[in-house]
Amino acid sequence: MNITTDDSLKLENQLCFPLYACSKEIIKMYKPFLDKLDLTYTQYITMIVLWEKKSQSVKELGEVLYLDSGTLTPVLKKLESKGYLTRQRSLTDERSLVVTITEKGEALKEDARFIPQNVAKCIPLSKEEEAKLYYLLYKILNSIE
């Protein structure tokens with residue numbers, strides 16, 4: 001009997017695994033900084049979008065963050081309960097829910113400014129390597145869409 005091994009099923013040959021593991025470990029690096037702000041990583045990236053855009057439909061927010069409404073809705077409800085955003089039906093399309101940052105949410109931005117630099121100190125990449133990785137990851141994301 002001729003038994004062959006299928007190297008494609010080895011963990012070391014899975015591109016998805018180091019992406020998954022790195023993502024998980026990097027998000028862990030954020031935790032001590034986000035704990036000070038009483039935010040989860042998903043709440044933090046949601047606030048990042050709102051700090052830039054100020055107001056977004058839930059659908060647009062989900063697309064930007066690659067989150068489905070089942071994941072995003074509890075995040076938005078929690079942020080709303082903290083006073084960082086409001087959720088209201090669109091005036092032009094009642095089916096659409098619009099999320100808008102509040103003054104309190106805007107003020108949180110000051111406390112969060114230090115987070116990207118502190119996390120970057122924990123990741124041993126040069127600026128060139130960061131740029132290349134960023135490019136490659138978005139190349140993958142864009143090809144999946």
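The angle between the Cα long axis of helix 41-53 and the longest principal axis of the Cα atoms of the chain comes to about 60 degrees, rounded to the nearest 10.
The long axis of helix 103-112 is offset from the longest Cα principal axis of the chain by roughly 40 degrees. For a label point 7 Å from the Cα of residue 52 along Cα→C-beta, name the residues of region 21-43 whose backbone N is under 18 Å from it. 41-43, by backbone N distance to the label point. For the Cα atoms of the chain, what angle does the longest principal axis make with the long axis of helix 16-37, in degrees from 0 to 90, nearest 10? Long axis of 16-37 versus the principal axis of the chain: about 30 degrees. Which of 24/82; 36/59; 36/78; 36/77; 31/54; 36/127 have a Cα-Cα distance over 18 Å? From 24/82; 36/59; 36/78; 36/77; 31/54; 36/127, over 18 Å: 24/82; 36/59; 36/77; 31/54; 36/127.
About its Cα centre, the dipole of region 67-124 is roughly 160 debye, where the only charges are +1 on Lys and Arg Cβ and -1 on Asp and Glu Cβ. Take the Cα of residue 63, go 7 Å toward its beta carbon, and the backbone nitrogen atoms of region 26-57 under 14 Å from that spot belong to 56-57. Our note on the geometry: Cα centres of region 82-145 and region 1-71, 12 Å apart. The amide H of residue 57, built 1.01 Å from its N in the peptide plane, has 99 as neighbours under 5 Å, considering only residues 5 or more places off or on other chains. Dividing the helix sum by the residues of the chain, where each DSSP H run of 4 or more adds -39500 (n - 2.57), gives a mean residue ellipticity at 222 nm of -19500 deg cm²/dmol.
Relative to a virtual label point 7 Å from the Cα of residue 107 in the Cα→beta-carbon direction, which members of region 53-94 show backbone nitrogen distances below 14 Å? Residues 82-85 qualify, since their backbone N sits under 14 Å from the label point.
Of the labelled figures (1) 19.0, 71; (2) 14.7, 44; (3) 14.7, 46, only one reflects Rg and Dmax of the Cα atoms in Å as derived from the coordinates, namely (1). With contacts taken as Cα pairs under 8 Å and at least 6 residues apart, the chain reaches a relative contact order of 19 percent.
For the chain, build the charge dipole from Cβ charges (+1 Lys, Arg; -1 Asp, Glu) around the Cα centre, then report which of 83, 47, 137 sits farthest towards its positive end. Among 83, 47, 137, the one farthest towards the positive end of the dipole of the chain is 83. Working note: Debye formula, equal point scatterers on the alpha-carbon atoms of region 1-65, no solvent; log10 I(q)/I(0) at q = 0.12 Å⁻¹ is -0.52. Of the trypsin sites (Lys or Arg not before Pro) found in region 4-46, those that fall in a DSSP loop while having at most 13 other beta-carbon atoms within 10 Å are 10.
Here, each number is a calculation from the coordinates, and none is a lab measurement. Owing to the predicted nature of the structure, the values given are computational and were not obtained by experimental measurement. FYI the Cβ positions are ideal-geometry reconstructions off the backbone, even for glycines, and counts take in every protein chain you see.
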